[in-house]
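Here is the structure we will look at.
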Amino acid sequence: MAGLLNAVYVALVLLVTVGGLLALAFTTRDIRGESGFALDVVSALVIGLFIAVLAWTTVL
């Protein structure tokens, strides 16, 4: 049961982080134009994965 709660915790951290960064990418897309949007999405996913790894090592 504890492993399931840890997985849910990490999934929520990942969801909130990537969601927030993607929202930031969508808002800055309107300011800068769409040229850097794909890079923003990739960086949001990479940063979200990094934070999920940090969250996972925290719960271990």
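The values are calculated or read from the model by the stated rules, or taken from the named source; none is laboratory data. Quick caveat: nothing in here was measured; it's all calculated off a predicted structure. In this analysis, Cβ positions are derived from the backbone assuming ideal geometry, glycine residues included, and neighbour counts consider all displayed protein chains.
Observations, loosely collected:
- In the stretch 9-37, residue modelled with the highest pLDDT [restricted to those that are part of a helix (DSSP H, G or I) and exposed (fewer than 11 other Cβ atoms within 10 Å of the Cβ)]: T27
- Of all residues in the stretch 36-54, those that are under 9 Å from T17 (Cα atoms) and among the β-branched types (V, I, T) have Cβ atoms under 9 Å from Cβ atoms of residues that are at pLDDT 75 or above and in a helix (DSSP H, G or I), 6 or more apart or on another chain, in I47/T17; I47/V18; I47/L21; I51/V13; I51/L14; I51/T17; I51/V18.
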